[in-house]
Amino acid sequence: MKHFNYRAKEKATGKSVKGSIQAENERLAGRLLVEQGLIPESVVEEGGANPFTKFNNRITTKDHIMFTRQLATLIGAGLPLSASLRTVVEQTENKGMKAVGEEILAAAESGKSLYEAFSAHPNVFNGVYLALIQAGEKSGTLDIALKRLADQEEQDAAMLGKIRGALVYPAIILVVIIAVLLFMMFAVVPQVEGLYEDMDKELPALTQILVSMTDFIVSFWAILLIAIVGGIAGLVFFVKRTKTGRRLADAFKIHVPLFGGLFRKLYVSRFARTAEMLLSTGVPMVDSVTIAISSVSNTVVEAEYSKAIELIKGGKTLSESFTDREYMLPLVPQMAGIGEESGKIDEMLGKAAKVYEDELYDQINNISTMIEPILMVIMAGLIGVVVGGTLLPIYSLVNSVGA
């Protein structure tokens, strides 16, 4: 038997309680709590933790998609909700996802709706996910809602995979540039300096600069390393943990040359696709737009899009509210207008999203082609400076000795 620490609420009074319980696994521990009149909020095994537990239990996108798709398949096949959840939990291999699934199962068996059970894990299931779960429960199309979620998550994962893949080649080129520069500065420059000292000649200005840089790096490498690591850590903290940093980083994304247009299309397609999913499952317009805006994941764009919500509440149509809106590309309000006239606004938003998604795929595939010439120019310039400060002085020295 294992020991589990739990946090729960008393079903009768709603009072929060903490304690420990013995059971063979998390699911059975949750069931025992339910039998005792408690609604489990978290059930965590005592002891056995190690520094890598959090990493090993990290819920990946793949785990998330598999959980969602399996649940959609089982519910669509006609299995009861509890039986579907139990089967999915038993088949889930990731410990983090399994623990979340067991808590959801325990909550569902205690009488909570699936939406309430999923809402207890906002770090795992975002607003779009929860809204579609709620709409699917109300309309009796839970399996369809879950399938839509799994499809969209797969598409988003494929998009991010393409972006990462397209950046691999430029990253390799950048590493090669740095490696060549370091080799020249630490292997070639000191030899050139030694030759000039032996010949009792004064180093050329460019070579002297390179020698001074090399000496500085050798003398203060520890301080430089700490400064670089500390600077990166500070920048990450500033961007991730502060509102100002997040806002500046988000503004940089949509204005940076070469990539700004790509990010804008990504945000617009994400908004349109999410709104299409929510509207098609019966979520009200204002709620759909609000949740779709939050799915953009860029504070600057979200702030601009959010101005349209008050217009919609005031009686404006979706197309009118987003026409000429900054960072909103024109096809979305145009297609929304057609959808409003035909009564198929969700379908039209989906088509607009498809157009921008296709354009994104084409641009992502061309990223390496666009970046390669720029990197080559940079590499040629930097290596040219190093070569000019090393090889040319050697030739000059040889010519002077020959003369």
Send over the Kirkwood Rh of region 60-152, from the inverse of the averaged 1/r over different Cα pairs, rounded to one decimal Å.
12.8
If you take the square roots of the eigenvalues of the alpha-carbon gyration tensor of region 125-229 and sort them as a ≥ b ≥ c, do you get rounded (a/c under 1.5), prolate (a/b over b/c) or oblate?
prolate
Starting from the Cα gyration tensor of region 312-403, take the square roots of the eigenvalues, sort them a ≥ b ≥ c, and report rounded, prolate or oblate (rounded when a/c is under 1.5, otherwise prolate if a/b is larger than b/c, else oblate).
prolate
Size of the chain as Cα extents on the principal axes (Å, biggest first):
99, 63, 36
Quote to one decimal, in nm, the extra length available between Lys112 and Lys316 on full extension: 0.36 nm per residue of separation minus the C-alpha distance between them.
69.7 nm
Non-local amide H neighbours of Lys2 (under 5 Å, H modeled in plane, Pro and chain starts lacking H): which ones?
Ala23, Glu24
Among the listed pairs Lys98/Lys265; Lys112/Lys253; Lys98/Lys240; Lys18/Lys243; Lys112/Lys351; Lys9/Lys313, give every one whose C-alpha distance is greater than 32 Å.
Lys98/Lys265; Lys112/Lys253; Lys18/Lys243; Lys112/Lys351; Lys9/Lys313
When the Karplus curve 6.51 cos²θ - 1.76 cosθ + 1.60 is applied with θ = phi - 60°, which whole-Hz ³J(HN,Hα) does each residue of region 297-307 get, with x for Gly and Pro?
6, 9, 4, 5, 5, 4, 4, 6, 5, 5, 4
Excluding Lys307 itself, what net charge comes from residues whose Cβ is under 13 Å from its Cβ, given Lys and Arg +1 and Asp and Glu -1?
-3
What does the charge count near Tyr327 come to, summing +1 for each Lys or Arg and -1 for each Asp or Glu among other residues with Cβ under 15 Å from its Cβ?
+2
Sequence ranges 145-153, 227-235, 73-81, 281-289, ranked by mean other-Cβ count within 10 angstrom, highest first
145-153, 281-289, 73-81, 227-235
Give me the extension gain from Lys162 to Ala303: residue separation times 0.36 nm, minus the current Cα-Cα distance, reported in nm with one decimal.
48.0 nm
Work out how much length Gln334 to Ala249 would gain on full extension: take 0.36 nm times their residue separation and subtract the Cα-Cα distance, in nm to one decimal.
27.6 nm
Spelling it out for Glu41: with amide H atoms placed in the peptide plane at 1.01 Å from N, the residues 5 or more places away or on another chain with amide H under 5 Å from its amide H are Arg7, Ala8, Lys9
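Quick note: the coordinates plus some simple rules give every number you see, no bench work behind them. None of these values were measured; they are calculated from a predicted model. Using ideal geometry, Cβ is built from the backbone for each residue, glycine included, and neighbour counts are taken over all protein chains shown.
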